[in-house]
Amino acid sequence: MASSSPGQKHSPQNGRFTCLVGPTAVGKTTFVDMLVKGGYGRRQITCTTRAPRPDEEDGKDYYFFTREVFMKRQQEGLFLEYAEVHGNLYGTPKAPILESLAAGEDVVCAIDIQGLRQIKAHDDELIRHGLLAIFIYASMATVERHLRVRALAQGKPISEEEVAARLASAKKELGCVSECQATVVNDLDGPEHIAAAFSALRRAIDLRGRLASAKSQLRPWHQHPWVPRSAAAA
């Protein structure tokens, strides 16, 4: 399979790059997993220098790098976007996304607003034409509640100073809704509310896919669901 390189022309057969955007603790990762299970594309695993949480695996949830390795990879041009958030570095690998989009495979990932801005500034047509950014919105009260519940579940106490810093960042990010093409509200807990928010997310993807197809003759997101290369090669 040929890989993509910067400057490659976009065609109707290329994949869609769906980015779920928003601050910490609004449910981005949960919805990415649900989209993957629903056949909306493959999840792009991102890189980080933070320590793994108890239920996380290297190469499955994140690629966990030391700070030195991360910076070396950044200098080598590995990342489509990267940022430092609360003392940890996060980055999204570029080459596998371009390869997938060129092959007609849809890709989904979770990023913050800093990452979205870098992605939107990218000069590759596969990115510019395939990008669909959807903001996942939750109130500040919900963000704080989720931060505290997550820390409790992990058995890792969170200081009031860290809560305040994360809420300050979240407040800034929640003011950037207009930078995305659609917004989905995920402000209530419980399976039924998560399911309702996910339904709204699917409708947003479907609607934007139809509009793009009508205006630019880009293929709808559901036309060619992603199939793992291993299965395709079998």
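Compute the semi-axes of the equivalent ellipsoid of the range 67-178, taking the square root of 5 times each eigenvalue of the Cα gyration tensor, and list them largest first in whole Å. Could the numbers behind the result be given before it?
Numbers: eigenvalues 170, 64, 33 Å².
Result for the range 67-178: semi-axes of 29, 18, 13 Å.
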query = Within straight cross-link reach of LYS60, meaning Cα distance under 16 Å, which aspartates and glutamates are found once same-chain residues fewer than 8 apart are removed?
reply = ASP33
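Checking a compactness column here: for the range 3-152, what do you get for Rg(Cα) / (2.2 N^0.38 Å), N being the number of residues? Could you put the intermediate results ahead of the total?
Details: Rg = 15.4 Å, N = 150, 2.2 N^0.38 = 14.8 Å.
Taking the Cα Rg and dividing by 2.2 N^0.38 Å, one obtains 1.04.
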ask   = Label ASP33 and ALA165 with points 7 Å out from Cα along Cα→Cβ: what is the distance between them in nm?
value = 2.6
Inter-label distance for ASP189 and ARG203, nm, one decimal - labels placed 7 Å from Cα along Cα-to-Cβ = 2.6
query = Along the range 131-141, what does the Karplus equation 6.51 cos²θ - 1.76 cosθ + 1.60 (θ = phi - 60°) give for ³J(HN,Hα), rounded to whole Hz, x for Gly and Pro?
reply = 6, 10, 9, 10, 7, 9, 9, 9, 5, 4, 4
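Rule-based calculations on the coordinates, nothing more; no lab input. These numbers were taken from a predicted model, which means no experiment stands behind them. Cβ: placed from backbone, ideal geometry, glycine included. Neighbour counts: every protein chain shown.
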